[in-house]
Amino acid sequence: MSAACAWITHADCRLHEMGEGHPECPERLDAISDHLLSTGLMQLLVPYDAPLATIEQLERAHTARHVREMLAAAPAEGYVRLDPDTSMCPGTIPAALRAAGAVVLATDLVMRGEVGRAFCAVRPPGHHATRDAPMGFCLFNNVAVGIRHALAAHGLERVALVDFDVHHGNGSEDILAGDERVLMCSTFQRDFYPFLGDEPLGPNMVNVGLPAGAGGEALRAAWSTQWLPALEAFRPQMVFVSAGFDAHRADEMAGLRFTEEDYRWVTHEIVAFAERCCEGRVVSCLEGGYHPFHLARSVAAHVRMLAGL
Ligand SMILES: [Zn+2]
């Protein structure tokens, strides 16, 4: 098995934009790639272009109605509003299909042993998109599409999802709760958007709400007292990560106080667990993170650990 780390993205992921001043903007990806290029980290990764997700792949995580409605809603010009924070432009569907397709490709590459791990530098993000609806900057649940692909196309029986975005991954929980083949572990800021997660929707959910102001010590405690025991009992064959970096202390979207070092640390723990449990297989997917400078550095810390550097 290769120890290399794939870097999966596509130029189409820049085509989606939701208007002047929206924090979930194409420049997020520019900040990340500029930083990885200038630090020399990019040349240590194995680049791939994300394919378009197929309808069949999307419908493993979403209702046929949701997929049909999203594809039909795309405007020829201007914007179509989906919720108060989320809209579509003419470039949204190509971006969204590449974002979900990236996680499918990542799964295939890691399962075939072509790379050891993979990071999907994609947008729009996905973890708020439910089985039947878009929500909170998300249209399709990229990571859930990848998880269901691992189960359906590669015959895996147990897959874990770790979500450290500052917002609860309510869409992933909506899709995956009750699916005994999946264990989802998440941290999120309590009493904050999307105001869900306090009551887990299934026994396969390990939801750890953190109070505003909590920092890296709270993440470490969640890992050692809740996530790791659940992961060790579950023994996944592959680990997916919803890698949101909006819990960073400088990110004004929310009120947690994580640092680059915390993202380095938690990624090291995830990789070390995967090495012990499932031949090191980790597929990570970008979710939130809205402070370009610290987003770029947090992703670099994360990817460096994925690549074993
Ligand atoms: Zn978020």
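The values are calculated or read from the model by the stated rules, or taken from the named source; none is laboratory data. The model shown is predicted, which means the values in this text are computed figures rather than measured ones. So basically every Cβ, Gly included, is an ideal-geometry build from the backbone, and we count neighbours across all protein chains shown. For the accessible areas, the whole protein counts, side chains as well, though only heavy atoms, and no ligand, DNA or RNA atoms are used. Shrake-Rupley method; radii C 1.70, N 1.55, O 1.52, S 1.80 Å.
Scanning region 240-250 for residues that are near the ligand (Cβ under 9 Å from one of its atoms) and more than 17 Å from Val143 (Cα to Cα) yields Asp246, Ala247. Scanning region 263-309 for residues that are open to solvent by 10 Å² or more (accessible area, probe 1.4 Å) and within 16 Å of the ligand (Cβ to nearest atom), we see that the one that is farthest from Phe164 (Cα to Cα) is Pro292. The set of residues from region 49-87 being without any contact (Cβ under 8 Å) to a residue 60 or more places away in the chain, open to solvent by less than 40 Å² (accessible area, probe 1.4 Å) and under 18 Å from Gly136 (Cβ atoms) comprises Ala73, Asp83.
In this structure, does Ala121 turn out to be out of contact with any Pro (no Cβ under 9 Å at 6 or more places or on another chain) and of a type in the set (A, V, I, L, M)?
Numbers: out of contact with any Pro (no Cβ under 9 Å at 6 or more places or on another chain): yes; of a type in the set (A, V, I, L, M): yes.
In short, yes.
In the set (1) out of contact with any Pro (no Cβ under 7 Å at 6 or more places or on another chain); (2) within 27 Å of Pro23 (Cβ to Cβ); (3) surrounded by fewer than 24 Cβ atoms within 10 Å (Cβ to Cβ), the condition left unmet by Asn207 is number (1).
Across region 164-191, the number of residues qualifying as buried (at least 24 other Cβ atoms within 10 Å of the Cβ), assigned to a strand (DSSP E or B) and within 15 Å of the ligand (Cβ to nearest atom) comes to 3.
Listed conditions (1) open to solvent by 20 Å² or more (accessible area, probe 1.4 Å); (2) touching a helix residue (DSSP H, G or I) at 6+ places or on another chain (Cβ under 6 Å); (3) in a helix (DSSP H, G or I); (4) of a type outside the set (Lys, Arg) are all met by Ala95, apart from (1).
Here Ala160 clears all of (1) under 19 Å from His302 (Cβ atoms); (2) more than 16 Å from the chain's Cα centre (by Cα); (3) more than 16 Å from the ligand (Cβ to nearest atom); (4) not basic (Lys, Arg) except the condition numbered (2).
In region 31-48, the residue that is surrounded by the most Cβ atoms within 10 Å (Cβ to Cβ) out of those that are out of contact with any helix residue (DSSP H, G or I) (no Cβ under 8 Å at 6 or more places or on another chain) and under 25 Å from Leu97 (Cβ atoms) is Val46. Restricting region 140-157 to residues that are outside any helix (DSSP H, G or I) and more than 13 Å from the chain's Cα centre (by Cα) leaves a set whose member that is farthest from the ligand (Cβ to nearest atom) is Gly155.
Is it fair to say Glu199 is surrounded by fewer than 15 Cβ atoms within 10 Å (Cβ to Cβ) and closer than 21 Å to Gly289 by Cα? No. Put simply, of Ala221, Ala233, Ala296, Ala243 the only residue that is within 23 Å of Leu183 (Cβ to Cβ) and either modelled with pLDDT under 95 or under 16 Å from the mean Cα position of the chain (by Cα) (or both) is Ala243.
Whenever a residue of region 6-28 is open to solvent by 40 Å² or more (accessible area, probe 1.4 Å), it has no partner that is at pLDDT 95 or above and basic (Lys, Arg) lying with C-beta atoms less than 7 angstrom away and at least six residues away or across chains.
Tell me yes or no: at least one residue of region 69-84 is within 16 Å of the ligand (Cβ to nearest atom), at pLDDT below 95 and among the charged types (D, E, K, R).
Yes, some residue in region 69-84 is within 16 Å of the ligand (Cβ to nearest atom), at pLDDT below 95 and among the charged types (D, E, K, R).
Scanning region 252-272 for residues that are more than 18 Å from the chain's Cα centre (by Cα), touching a residue at least 24 places away in the same chain (Cβ under 8 Å) and under 16 Å from Gly308 (Cα atoms) gives a single hit, Glu261. With Phe234, Phe245 as the choices, which residue is of a type in the set (A, V, I, L, M, F, W, C), in contact (Cβ under 8 Å) with a residue 12 or more places away in the chain, within 22 Å of Met184 (Cβ to Cβ) and open to solvent by 10 Å² or more (accessible area, probe 1.4 Å)? Being of a type in the set (A, V, I, L, M, F, W, C), in contact (Cβ under 8 Å) with a residue 12 or more places away in the chain, within 22 Å of Met184 (Cβ to Cβ) and open to solvent by 10 Å² or more (accessible area, probe 1.4 Å) holds for just one of Phe234, Phe245, which is Phe234.
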